[in-house]
Structures are given as structure tokens and as C-alpha cells.
Amino acid sequence: MDRHDLDGMQAADIAADHMRDLETQKRYDVRFVSYWFDYDRSVAFCLVEAPNADAAQAVHREAHGHVANEIIPVEPDAVLGFLGSIDDPAGSGRAADSAFRIILFTDMEGSTDLVQRLGDEGAMRLLRVHDKIIRGALESTGGREVKHTGDGIMVSFASVQGALAAAIAIQQGFHEHNAPGAGPPLRVRIGVSAGEPVAEADDLFGAAVQLAARLCGHAEPGTIQVARVVRDLAIGKGFAFGPDDEVSLRGFPAPVSACELSWSDAG
């Protein structure tokens, strides 16, 4: 277990560092199992499986530069007995009370109209195409489908890079589907936020979930709206964003800073 003294850092900063660790760890044969953040003392602890202390420090150094102030050898059984389950929900996809996640919502444009125009069976055929495109994008980006909403899908990610790559792949997939002569077009809106939702019975709840859903509803068909925190977490990862905008969303007392993720020119 390592200890970081992080004066001035916030929970979102720690979570961003942890996700960078997860993206880097394989190169050093290291696994970051979980982390904890003491808000009052601005101290973070990482539970790490590593061949040696230098390997764990190397991951931190490459991922974000915040190396540990102290590394303490611990027995996994002792930690398990003291804390209970120690699997990191963000890294493993398992349910927990709370963990930092990237939340993505999709919403299909005009689903009710599709039923009226194509009938139940025709609309269901298109919905299966819709589901296939989205789930195909999730296979390569580490997304965990939380639930199907009828005309959209809610997804949880441990990595901001995975979430944004999935959003781009989804829009590119629908763009390809909508080629001339391919049949009735399908367009989706996407909203992405980040935070610490509460997990309960394989579902997620809380402000981060609500924000992703509201941003999805705010987005124009064929676009991706992301919360400012998501854009900040993606700094240096090669994604392109439009200008910040202050948007008023139902259920949020103050305007929310958001921007559009560019996808049409993404490679």
C-alpha cells in the first residue's frame, strides 16, 4: 500500500490520477487494486500488487508524476479482513457503494415516430441495429452496459479515454449505417459526465448519472455533449472539443459548463 500527501488536490484529481495509473500499469506488471482518499487530510492511499516498490513508483511517475511519499508492504488477507471487499469497482466493473466513473447515455432520435412509421416489428429491427452499433463500440473501449432505457443505453467506464473513444465510435458507426441506400436512418444523442455515482442492485444513481442523462437530452442528434470535468480529465489524450457553454438543465439549480466532443474527423 502506498501513501500520497496531496495538499490542494480534490477527489476528481485523485480519480483522474488513478485512471491514468490503470492505463499505464500493464507496462510494469503492476495492478492497482483500489484507492482511498482522506478528504480532511488530503491523503490518498493506493492498494497495489507489484513485483517491487520501484515498479509501483514507475507507474505513478509515468502516468501523472505524483509518486508516493511512502510505500508500506501489507498482506492482502489482512487488508481484506480489515476493509472487506477490496476490488476496485472502476477497474473491475463490480458493484460497490461508490467509485469514480465516467457515465455515458445514448438516446435514439424519433423512436416514437419510428414505431408509427414502421410498425412494431420494423421499429424493433432498427432497435436491434441500434443496439448492435453501440455494443460493438463498447467491446473495444472497456464500457460496462448498466441498462437499456428502451431507446438508448447507459454505460459506465473506468477510463475517460475509453468513454470518449466509445462515444466517437458510436457516432461513426451510425454515420456509416446512414449511408445512402442503407435504409431508414438512425441518429443518436450522447451525453457524458463523470463523478461518484451510488451503485445499487447493478444500477447507478446520483448527480453524475443525472447530469449525463440531461446532457444527452440537451445534445443535438448526431452530437456528443460532455461535462466540463470530462474535458478536463481528457487533457493530453488527443480529443478535440468545441468551446465551453453554460447550459441550463432540468433539475440542476445553476447552469452547467459543457462542451461538444468532435467526432467526424477522429481517426
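Could you say whether any residue in segment 178-188 is of a type outside the set (S, T, Y) and touching a Pro at 6+ places or on another chain (Cβ under 6 Å)? Yes, there is a match, as at least one residue in segment 178-188 is of a type outside the set (S, T, Y) and touching a Pro at 6+ places or on another chain (Cβ under 6 Å). The one condition from (1) closer than 19 Å to Q225 by Cβ; (2) in contact with a Gly (Cβ under 6 Å, 6 or more places away or on another chain) that S156 does not meet is (2). As a summary of the residue check, S159 satisfies the conditions (1) modelled with pLDDT under 90; (2) surrounded by fewer than 22 Cβ atoms within 10 Å (Cβ to Cβ); (3) among the hydroxyl-bearing types (S, T, Y) except for the one numbered (2).
Out of D77, D54, D7, I need the residue that is modelled with pLDDT under 70 and out of contact with any helix residue (DSSP H, G or I) (no Cβ under 8 Å at 6 or more places or on another chain). Which one? Walk me through it before giving the result.
On the way: D54 fails: modelled with pLDDT under 70; D7 fails: modelled with pLDDT under 70.
When all the criteria are applied, what remains is D77.
Taking A165 as the residue in question, decide whether it is crowded, with 16+ Cβ neighbours inside 10 Å and either small (G, A, S) or outside the structural domain of K237 (by TED's automatic domain parsing) (or both). Yes: the conditions hold for A165. Cβ-Cβ contacts under 6 Å between residues 6 or more apart (or on different chains), taken from a first residue in segment 183-207 that is over 16 Å from A165 (Cα atoms) and surrounded by 15 or more Cβ atoms within 10 Å (Cβ to Cβ) to a second residue that is of a type in the set (S, T, N, Q) and at pLDDT below 75, are listed as E196/S98; V198/S98.
Cβ-Cβ contacts under 8 Å between residues 6 or more apart (or on different chains), taken from a first residue in segment 127-138 that is on the phi > 0 side of the Ramachandran plot to a second residue that is part of a helix (DSSP H, G or I), are absent. Cβ-Cβ distances below 9 Å connect the following pairs, each with a first residue in segment 158-181 that is without any contact (Cβ under 8 Å) to a residue 40 or more places away in the chain, a second residue that is surrounded by fewer than 18 Cβ atoms within 10 Å (Cβ to Cβ) and hydrophobic (A, V, I, L, M, F, W, C), and a separation of six or more residues or different chains: A165/A266; A169/A266; E176/A182. A Cβ distance below 6 Å, combined with a sequence gap of six or more or placement on separate chains, defines the contacts here; from segment 21-39, residues that are at pLDDT below 80 reach residues that are surrounded by fewer than 18 Cβ atoms within 10 Å (Cβ to Cβ) and not in a strand (DSSP E or B) in the pairs V33/I86; S34/I86; F37/A11. Any residue at all in segment 104-123 that is without any contact (Cβ under 8 Å) to a residue 60 or more places away in the chain, under 15 Å from the mean Cα position of the chain (by Cα) and in a helix (DSSP H, G or I)? No, segment 104-123 contains no residue that is without any contact (Cβ under 8 Å) to a residue 60 or more places away in the chain, under 15 Å from the mean Cα position of the chain (by Cα) and in a helix (DSSP H, G or I). Scanning segment 241-267 for residues that are touching a residue at least 24 places away in the same chain (Cβ under 8 Å) and under 22 Å from V209 (Cβ atoms) turns up V247, L249, R250, G251, F252, V256, S257, A258, C259, E260, L261. For segment 45-60, a residue qualifies if it is in a strand (DSSP E or B) and surrounded by fewer than 23 Cβ atoms within 10 Å (Cβ to Cβ), and the qualifying residues are F45, L47, E49.
Exactly one residue out of S193, S257 is modelled with pLDDT of 85 or more, more than 13 Å from the chain's Cα centre (by Cα), not aliphatic (A, V, I, L, M) and not in a loop (DSSP other than H, G, I, E, B), and it is S257.
The values are calculated or read from the model by the stated rules, or taken from the named source; none is laboratory data. None of the values given here were measured: they were computed from a predicted structure. Note: ideal-geometry Cβ built from the backbone for every residue, glycine included; neighbour counts use all protein chains shown.
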